[in-house]
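The values are calculated or read from the model by the stated rules, or taken from the named source; none is laboratory data. No experiment lies behind these values; they were computed from the predicted model shown. Cβ placement follows ideal geometry from the backbone for every residue including glycine, while neighbour counts extend to all protein chains displayed.
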């Protein structure tokens, strides 16, 4: 009897239902409104209100709200008054969002070196008194223009962190007094406020309880980093009652029971599959990678980014979701019953579209920032008659005179001012083009944000691992091996681990093998000690996430035959680092992972090199094999070649490895191949200068492949990679992969991972777009089965 795979209540093959939705009317800022952010450098930089713009563009794509930057670095409330008519009021804003305080308190008054001066307390009080007066005048001027004002309490000055910048203790207390002054003025003029100071202060202090060097502000103690700016955007959205839902869909007994902010049609339910078409009104908010840590500090996803799919009544088991045919993830029936937040999965088509919105919003921020740089110089250093002057000749005369006077008087600030003016003269000719871009980009942002229909499919997941004999290709997923000189280091500061987003993305490309580099110093902080449970949990979490997706993992000790001991880098075999030390850690790792059925192999050591003559790599490898087999006779052991695991030099450097003995007869030999002149993977020069050819990869692979065949061994290429800056590298990569595939050798590309940034070899998508190397890599799913 065939088991019902979906739900006992789904008795018919197809349900036809009318489409329906709940249309959103929950936007704080309305269609066509103009929102002007007025402030100092934190506003000038544009990060926090750029996140707010992105939220509105993705959540309310049909309501075009105009966001403007009227920040000037170094400004205070008095400066706002000075440029009010020339810069702020011409925006004709419906909303004026004002922040001041950081410069108004006159931070230099809190320099520890001058605290003994008798007039300092009076000057501090005067600064706060002036702040009150100037800010009240700003409010009065803005109210006359019929704009609605929101006062933003200033961000914090980090006077509690162990940071490299000198600490002017008392600045943050003064900023707290600024928040109280704002409360008084808000009450007097019946204005709303956004409290950044309190939330940033609370989170910052909490972080520093466990890590005194942590900060949501920058090392300069003044300017919030990406995380701090994201928290500010969160607080703004919270204070303005931003909606929590992107969309919500609920099914029970094969019928729709709830649809919010979407239309659902073409619902089909069979014993095998649930499928429907969805047209949402919004996109999920795309969290920038450099701000992701903020999600652990504020409940942004729970309060403002819920794209929920809930299905009740599924029989026990795991089910996979695909959207438009692309795999998204696997979840249990219980998880479906509780609800899956699709906004947390950055591989969905909706999220990828939102990333394109973010890309254009970021470009808009950058354009506005450049325009504010121009205004900064004009408002801060030029007389009013030169503000906005298009005739650069008069401006140049003024600058020449100004600098000439400074030079003649030996003013120590000359170099600083000269740089400011040089930068201005360089960018000023671009002003007209920048203004045109600033006018056009909002339309492009909203054009990109229009949601499209998608086909969603849920079916019972296949939990069987692929046949390991069909040797798969894949990629390295870097992060856990970063900053070895700082090991063990701080998690998510010096190093990180790959996420399920990487797994889902590369699985969608057909890559199912993931080489996970890790550091010995992190998994075992003390020689012969127990494994570090926190680090082990991170590694286990990654392996388990891969298993949920039927993906293979290689555990790669990325230590080059060495380890830091008491601050010194030691080579295995030295008095401070014995073979027994490395066999101890590997035996403990194998003991913990031997029951994981998706471990494709234990990578004993990445690129051993310059080993000691008294303790050659073959002796270390043999001892490792022997000791691992005492606890695990099942998992393959992967032995990297000596001398950086070079495939090209395999015979001369690693031929002796053919004498290794494995009681389980399950060794895989690992080589590495790069195509630049010195085969290092540095790719410091052009294709021609590196003396590359279309077949150089094949030529470098042949010694290794020939050795495998002659000795009837299994082989694997653990690293290969090419830059993204010349398509000829892709041809070389393609040729080598074809050669490996035809010769029963699989491999993993170097590299993927969440922290690579603009690294030329990285294949992590950028702004939702595939890297050029992916077109080659996705052609190669498997090598031919091994035969022995």
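Residue check, residue 32 against (1) in contact (Cβ under 8 Å) with a residue 60 or more places away in the chain; (2) not in a strand (DSSP E or B), all met but one. Which one?
(1)
Quick check on the stretch 238-264: of everything there that is loosely packed, with under 15 Cβ neighbours inside 10 Å and more than 24 Å from residue 51 (Cα to Cα), which residue is nearest to the chain's Cα centre (by Cα)?
The selected residue is 258.
Would you pick out the residues in the stretch 544-562 that are modelled with pLDDT under 95 and within 26 Å of residue 621 (Cα to Cα)?
none
Being modelled with pLDDT under 95 and part of a loop (DSSP other than H, G, I, E, B) narrows it down to one residue among 511, 531, 503; which is it?
531
Suppose we filter the stretch 455-492 for residues that are closer than 23 Å to residue 569 by Cα, in contact (Cβ under 8 Å) with a residue 40 or more places away in the chain and in a loop (DSSP other than H, G, I, E, B); how many remain?
Going through the stretch 455-492 one residue at a time, the tally reaches 8.
For (1) surrounded by 15 or more Cβ atoms within 10 Å (Cβ to Cβ); (2) under 30 Å from the mean Cα position of the chain (by Cα), each residue gets a yes or a no:
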| residue | (1), (2) |
| --- | --- |
| 395 | yes, no |
| 411 | no, no |
| 418 | yes, no |
| 433 | no, no |
| 436 | no, no |
| 451 | yes, yes |
| 473 | yes, yes |
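Going through 657, 604 one at a time, which residue ends up being in the same structural domain as residue 704 (by TED's automatic domain parsing), under 25 Å from residue 465 (Cα atoms) and surrounded by 17 or more Cβ atoms within 10 Å (Cβ to Cβ)?
Just a single option satisfies the conditions, and that option is 604.
Taking the stretch 343-352, which residues are crowded, with 20+ Cβ neighbours inside 10 Å and under 18 Å from residue 249 (Cβ atoms)?
Correct list: 343, 348, 350, 351.
What number of residues within the stretch 236-268 satisfy the criterion of being in contact with a strand residue (DSSP E or B) (Cβ under 7 Å, 6 or more places away or on another chain) and assigned to a strand (DSSP E or B)?
Total satisfying the criteria: 20.
May I ask you to list the residues in the stretch 298-342 that are surrounded by 22 or more Cβ atoms within 10 Å (Cβ to Cβ), under 19 Å from residue 275 (Cα atoms) and within 20 Å of the chain's Cα centre (by Cα)?
328, 329, 342
For residue 228, state whether it is surrounded by fewer than 18 Cβ atoms within 10 Å (Cβ to Cβ), within 18 Å of residue 45 (Cα to Cα) and either within 23 Å of the chain's Cα centre (by Cα) or at pLDDT 95 or above (or both).
No; evaluated as a whole, the condition is false for this residue.
Do you know which residues across the stretch 304-355 are under 16 Å from residue 454 (Cβ atoms) and in a loop (DSSP other than H, G, I, E, B)?
324, 325, 345, 346, 347, 348
Please find, among 759, 749, 739, the residue that is crowded, with 19+ Cβ neighbours inside 10 Å and not assigned by TED's automatic domain parsing to the domain that holds residue 287.
749
Please determine whether any residue of the stretch 281-294 is more than 23 Å from residue 765 (Cα to Cα) and either modelled with pLDDT under 90 or surrounded by fewer than 17 Cβ atoms within 10 Å (Cβ to Cβ) (or both).
No, every residue in the stretch 281-294 fails to be more than 23 Å from residue 765 (Cα to Cα) and either modelled with pLDDT under 90 or surrounded by fewer than 17 Cβ atoms within 10 Å (Cβ to Cβ) (or both).
From the list 645, 686, exactly one residue is modelled with pLDDT of 95 or more, within 22 Å of residue 762 (Cα to Cα) and in contact with a helix residue (DSSP H, G or I) (Cβ under 9 Å, 6 or more places away or on another chain). Which is it?
645
Could you tell me which of the residues 436, 457 is more than 29 Å from residue 317 (Cα to Cα) and either at pLDDT 95 or above or touching a strand residue (DSSP E or B) at 6+ places or on another chain (Cβ under 8 Å) (or both)?
Answer to the check: 436.
Return yes when residue 542 is outside any loop (DSSP other than H, G, I, E, B) and closer than 26 Å to residue 766 by Cα and no when it is not.
yes
The rows are residues; the columns are (1) farther than 19 Å from residue 474 by Cβ; (2) out of contact with any helix residue (DSSP H, G or I) (no Cβ under 7 Å at 6 or more places or on another chain); (3) surrounded by fewer than 23 Cβ atoms within 10 Å (Cβ to Cβ); (4) without any contact (Cβ under 8 Å) to a residue 60 or more places away in the chain.
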residue	(1), (2), (3), (4)
503	no, no, no, yes
526	yes, yes, yes, yes
530	yes, yes, yes, yes
561	yes, no, no, yes
566	yes, yes, yes, yes
579	yes, no, yes, yes
586	yes, no, no, yes
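Working only within the stretch 184-211, note down all residues that are modelled with pLDDT under 95 and not in a helix (DSSP H, G or I).
Within the stretch 184-211, just 211 meets the criteria.
I'd like to know if the stretch 79-98 contains one or more residues that are free of Cβ contacts under 8 Å to residues at least 40 places away in the same chain and over 24 Å from residue 185 (Cα atoms).
yes
If you check every pair at least six apart or on different chains, which have Cβ atoms under 7 Å apart with a residue in the stretch 680-706 that is within 23 Å of residue 716 (Cβ to Cβ) and not assigned by TED's automatic domain parsing to the domain that holds residue 719 first and a residue that is at pLDDT below 95 and in a loop (DSSP other than H, G, I, E, B) second?
Matching pairs, first to second residue: none at all.
Test of understanding: among 273, 311, which residue is in contact with a helix residue (DSSP H, G or I) (Cβ under 9 Å, 6 or more places away or on another chain) and more than 30 Å from residue 755 (Cβ to Cβ)?
311
Given the structure, is residue 337 in contact with a strand residue (DSSP E or B) (Cβ under 6 Å, 6 or more places away or on another chain), at pLDDT below 90 and farther than 24 Å from residue 766 by Cβ?
Criteria not met by residue 337.
I'd like the residue in the stretch 282-303 that is touching a strand residue (DSSP E or B) at 6+ places or on another chain (Cβ under 9 Å) and in a loop (DSSP other than H, G, I, E, B) and, out of all such residues, is nearest to residue 756 (Cα to Cα).
Ranking the qualifying residues of the stretch 282-303, first place goes to 285.
Would you mind finding the one in 75, 104 that is within 16 Å of residue 129 (Cα to Cα), within 35 Å of the chain's Cα centre (by Cα) and surrounded by 24 or more Cβ atoms within 10 Å (Cβ to Cβ)?
Only one candidate passes the filter, namely 104.
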